[in-house]
1. Could you tell me whether Asp98 is within 21 Å of Gly61 (Cβ to Cβ), at pLDDT below 95 and not polar (S, T, N, Q)?
2. Can you pull out every residue in the range 1-31 that is open to solvent by 20 Å² or more (accessible area, probe 1.4 Å), over 24 Å from Ala111 (Cα atoms) and either of a type in the set (Ser, Thr, Tyr) or outside any strand (DSSP E or B) (or both)?
3. So the check is Cβ under 8 Å with 6+ separation or different chains; which pairs have a first residue in the range 61-75 that's without any contact (Cβ under 8 Å) to a residue 40 or more places away in the chain and a second one that's among the aromatic types (Phe, Trp, Tyr)?
4. Going residue by residue through the range 81-100, is there one that turns out to be over 14 Å from the mean Cα position of the chain (by Cα), under 19 Å from Ala141 (Cβ atoms) and open to solvent by 30 Å² or more (accessible area, probe 1.4 Å)?
5. Can you give me the number of residues within the range 32-66 that are open to solvent by 60 Å² or more (accessible area, probe 1.4 Å) and part of a loop (DSSP other than H, G, I, E, B)?
6. Restricting to helices (runs of 4 or more DSSP H) lying wholly in the range 67-155: which have 3 or more residues that are within 21 Å of Gly55 (Cβ to Cβ) and not basic (Lys, Arg)?
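The values are calculated or read from the model by the stated rules, or taken from the named source; none is laboratory data. Nothing here was measured: the structure is a model prediction, and the numbers come from that model. Cβ coordinates were reconstructed from backbone atoms using ideal geometry, including for glycine residues, and neighbour counts include every protein chain displayed. Areas reflect the complete protein model, heavy atoms only, side chains present, ligands, DNA and RNA absent. Shrake-Rupley method; radii C 1.70, N 1.55, O 1.52, S 1.80 Å.
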Amino acid sequence: MTEFSDLLLPGAVVADLAVSAKKPLFQQIGMIAGSAYALDPVTVTDALSAREKLGSTGFGGGVATPHGRIDGLPHVVGIFTRLAHAIDFRAVDDLPVDIIFTLLSPPDAGAAHLKALALVSRSLRDRALVAKLRGAGSPDALYALFSTGEARDAA
């Protein structure tokens, strides 16, 4: 798995999500995962919250990569959200976060999870790509940035 098309469905991309903190963000991501991947929203919310308690997944530049393990999931999946307003994420650089790429993995997907996390983190460290993600006007435009290979090329 080295392509965003392996991770992300168009229905798992949301633009301008309005939340005020991590907890409501994770609840919204749970709802998106429920709709896009038929996952239990509470299970997703709990998995993301549990992982975040170990340390912030905000890696700087206004970007975070929350992730969690979900029983019964057949493969690694992603959810991309761009927030309407940045929120505190206790990121390593103390900057608020507005770009979030969430990964959900089966418990036994060690290598696949790490490969997906590496792809996402490499791509989202590219300032040009992040600027395009911030400027995209719709979920379709956001999805196109990932599906056309721009994000892969950034990595």
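1. Values: within 21 Å of Gly61 (Cβ to Cβ): yes; at pLDDT below 95: no; not polar (S, T, N, Q): yes.
Considered against the rule, which asks whether it is within 21 Å of Gly61 (Cβ to Cβ), at pLDDT below 95 and not polar (S, T, N, Q), Asp98 comes out as no.
2. If the condition is that a residue be open to solvent by 20 Å² or more (accessible area, probe 1.4 Å), over 24 Å from Ala111 (Cα atoms) and either of a type in the set (Ser, Thr, Tyr) or outside any strand (DSSP E or B) (or both), then Ala18, Val19, Ser20, Ala21, Lys22, Lys23, Pro24, Gln27, Gln28, Met31 are the ones that fit.
3. Hits for this filter: Ala64/Phe89; Ala64/Phe101; Leu73/Tyr37.
4. Taking the range 81-100 first, the residues over 14 Å from the mean Cα position of the chain (by Cα) are 84-88, 90-96.
Then keep just the ones that are under 19 Å from Ala141 (Cβ atoms); that gives 84.
Now narrow it down to the ones that are open to solvent by 30 Å² or more (accessible area, probe 1.4 Å): 84.
Checking the range 81-100: at least one residue is over 14 Å from the mean Cα position of the chain (by Cα), under 19 Å from Ala141 (Cβ atoms) and open to solvent by 30 Å² or more (accessible area, probe 1.4 Å).
5. Residues that pass the stated criteria total 3.
6. On the way: elements: 110-124, 127-135, 139-147, 150-154.
Passing ranges, in order: 110-124.
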